[in-house]
Amino acid sequence: MVDRRTVLKGGIAFGSLGLASTVVGQESALVVHDFDGGTYPGSNDLGNWAGAGSFANGDGSGEVADGALRLEYDNAGWFASNVRQSVADRDRLTMRVRGDSGGEESDFLVDVGGARDLLSNLTDDAIGTEWSTVSVDLSAAGGDPENPKAVRMNFWQGASGAVEIDRIAFTSDGEAPPSTATATPTPMDPTPTDTPDDETPTPTDTPDDDTPTDEPDDDTPTDAPDDGGSTWDVPFPDRPPEPDSLPAASEITEDTTVAELYEGFDDPYYVPRSFTDYLPGETGSKLQEWTDTEKAEEFGYDVSAVENNVGDGSLTLGQLGTQALPYVKQLAENDFPAHATVKLLPRLALLPDEEEDPGVHDEPSAVWDETAGPTAATNDPDQFVQDRWPTDARTYQPMEVRVRDRAHDQPEYDDSREWASSGSISDSFYNDETNPVLDAAAEKVHPVTGESLGGDGFTANAPMEAEIRIHETGGGYMNQYIKLTNTSEVPYFQDAAVIWWLGPSGDASNLSDGHWNNPHRPSASLGHPQRDVIEVNHPDYDELAVYAVRLANHDEPYHMRTIYPGQSVAMEIGTPRDGSAWSSSSDRQDLVDTMLDSLHVELETNLNRNDPIIDAIDLTYRVPN
């Protein structure tokens, strides 16, 4: 048996750095933000993650100036700041705030410790045009001071305006501490906890299991049977509204409208918002080699026509340029559902004929010459059509969000399973020789049923190819690079997909280091999934462990969560190894071949979150983006 470690190396701290306090007479305050330390967005004064997205200023995150955060909103925007400690002795959330017009307390939701409502319903205080303190009695509002989780605000309430926030704190007297106060964390590792990657957080880049709000409250009925199973079943509709068949391909022309493709394009699927919220040229293009603006110009995409016509469904395929029409005809020929087709139109219109390279997030210092693949799935899977695609929930109705983000939100609301951070994987878990994920990778059997996966190498439940590379990134680190290409005629949504393989062991010491590269989204900071991740040492393979990952997207529309026909995505898994264990070319080739042969991809079917696999291999360790 190979046993390479006896102590779990330092992982992600899952809590705050400690108490930040200031003295107001004899009262102390837990300062969450005073916006004068230069750490926002990224972290708060407690050393925990903080960020925002979809605001009209500051590239979506708001702007900090003169010691205050300014948030400009037009029926959009979220703010979140993690609080990983009890505030039982300071159970009043206080904000020193002012608005451009006054009365902004009715413009946004506040969510803290389970108390969630419009700010105006949580306090008698009002926001004026001059600085004043707004206070929320957490206990009286129904929140849990022992577990505040985060301070979150949601501006998708139909209003437009701007607020400036000078200070956010928890106090015992309802008064915000003076702005001269500073935060003094306890002496611990100063790295912010629950940090995502180095991307600016956006609605799809929220760390850990706390979403930007808009999830159902804890007392939302779940319709779950009282059988000891999950108490957070998701209320999926049996079928999308009929008719759900596209016209015959021969009948689809450049004059065909969105409404003619599917009558329910707006209700319940929000296709107009999915277009207009992400128009080419109106969002960032971080890490995208070929931007949406450039694609729109190349393909003749009529932005004005989209703005003017998509609301009533009169937008035609011809107005979307050269790309949408042939792709829609292709989907019609393959009996792809109409509701999913119109949901994907914002991206189909910008989809090139040739494959786009998914690229890298971490630029490697060296790339191994030895690679494996690309290889088609050896089990020769049949055409795979996911015939129910969830609503994009652009108005953030709780039940719709619950369906859309069913995998991402599961750790917060599913109390039938114990969820944790990947930083808390124990030695006993890492060295558990009974975990069926070991045989799933090494013996190519399904971890739930024990049945053969049907191939002697890379396998998947949908037609695709896989390729393996190793990137060395310096500092004793390597990235396991797994590229997946959709080789079928229809798209797949990636949400809740589970991927497992044998790879170089990192002793489960930093499983949060990972990225999902997808060129088919406006920016790398949009549509980036969180992940449930485990690593289990394989006793029969020297220096190797089995990894399993489940993707958990949130917030952004499904056209950013999709692997399109003929297109590729890639996953990077950072591993604290320097590659010295594979010093010869033959050793390196053996490693990448083993990674490819053991690889399996299981896309979600029946919108079940792949729960049976989650339970079988205990894939209940969440990491941030």
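As a calculated quantity, the FRET efficiency between Glu298 and Ser426 at R0 = 51 Å, using C-beta atoms, amounts to about 0.50.
Model label sites at Asp173 and Ser314, defined 7 Å from Cα along the beta-carbon direction, differ in position by 6.3 nm. Computed from backbone phi with θ = phi - 60° and the Karplus coefficients 6.51, -1.76 and 1.60, the 3J(HN,Hα) list for region 42-53 is x, 8, 9, 6, 8, x, 9, 5, 8, x, 7, x Hz; x is used for glycine and proline. Going from the alpha-carbon gyration tensor of region 258-349, what semi-axes, largest first and in whole Å, does one get by taking the root of 5 times each eigenvalue? Taking √(5λ) for each Cα gyration eigenvalue gives 21, 15, 12 Å. Of Tyr477, Tyr269, the residue with the largest accessible area leads and the full order is Tyr477, Tyr269 (1.4 Å probe). With 32 Å as the limit, the listed pairs Lys286/Lys483; Lys343/Lys444; Lys149/Lys444; Lys343/Lys483; Lys329/Lys444; Lys286/Lys343 have Lys343/Lys444; Lys149/Lys444; Lys329/Lys444 beyond it between alpha carbons. With each label modelled as a point 7 angstrom along the Cα→C-beta vector, the Glu130-Ser245 pair spans 6.9 nm. Across region 301-317, computed HN-Hα scalar couplings (Karplus, 6.51 cos²θ - 1.76 cosθ + 1.60, θ = phi - 60°) run 6, 8, 4, 4, 5, 4, 4, 8, 10, 5, x, 9, x, 7, 4, 9, 5 Hz from first to last residue, x flagging Gly and Pro. Which of rounded, prolate or oblate describes region 396-510 when judged by the alpha-carbon gyration tensor and an a/c cut-off of 1.5? Because its axes are fairly even, with a/c under 1.5, region 396-510 counts as rounded. Close amide H partners of Leu246, meaning residues 5 or more places away or on another chain with modelled amide H under 5 Å apart, are Ala338. Less than 5 angstrom separates the built amide H of Asn147 from those of Val87, all sequence-distant by 5 or more or on a different chain. Distant-in-sequence amide contacts of Asp618, defined by a placed amide H-H separation under 5 Å and a gap of 5 or more residues or a different chain, comprise nothing.
Residue order by solvent-accessible surface for Met399, Met478 is Met399, Met478, largest first, with ligands and nucleic acids left out and a 1.4 Å probe.
Over all projection directions, the Cα-based convex hull of region 29-171 averages an area of 7.1 nm². Annotation: extensible slack from Ala88 through Gln330 equals 81.2 nm (criterion: 0.36 nm per residue apart, minus Cα-Cα distance).
Across region 158-172, coupling constants 3J(HN,Hα) worked out from phi with the 6.51/-1.76/1.60 Karplus curve, θ = phi - 60°, read x, 10, 10, x, 7, 10, 10, 10, 8, 7, 10, 8, 10, 10, 9 Hz, and Gly and Pro carry x. Express in whole angstrom the spacing between the alpha-carbon centres of region 100-141 and region 560-603. Between the Cα centre of region 100-141 and that of region 560-603, the gap is 48 Å.
Residues in region 29-171 average 32 Å² of solvent-accessible surface per residue, probe 1.4 Å, ligands and nucleic acids excluded. Using the Cβ-Cβ distance between Ser585 and Trp419 with R0 set to 56 Å, the FRET efficiency from 1/(1 + (r/R0)^6) comes to roughly 0.85.
Rounded to the nearest 10 square angstrom, Lys483 shows an accessible area of 30 square angstrom against a 1.4 Å probe. Taking max minus min of the alpha-carbon positions on each principal axis, region 481-571 gives extents of 40, 27, 18 Å, largest first. Using the Cβ-Cβ distance between Asp353 and Asp59 with R0 = 51 Å, the FRET efficiency computed as 1/(1 + (r/R0)^6) comes to roughly 0.95.
For region 258-349, the relative contact order is 38 percent, taking Cα pairs closer than 8 Å that sit 6 or more residues apart in sequence and dividing their mean separation by the residue count.
The values are calculated or read from the model by the stated rules, or taken from the named source; none is laboratory data. These numbers were taken from a predicted model, which means no experiment stands behind them. Every residue, glycine among them, receives a Cβ derived from its backbone with ideal geometry; neighbour counts consider all protein chains shown. Just the protein is used for accessible areas: all its heavy atoms, side chains included, with ligands, DNA and RNA removed. Shrake-Rupley method; radii C 1.70, N 1.55, O 1.52, S 1.80 Å.
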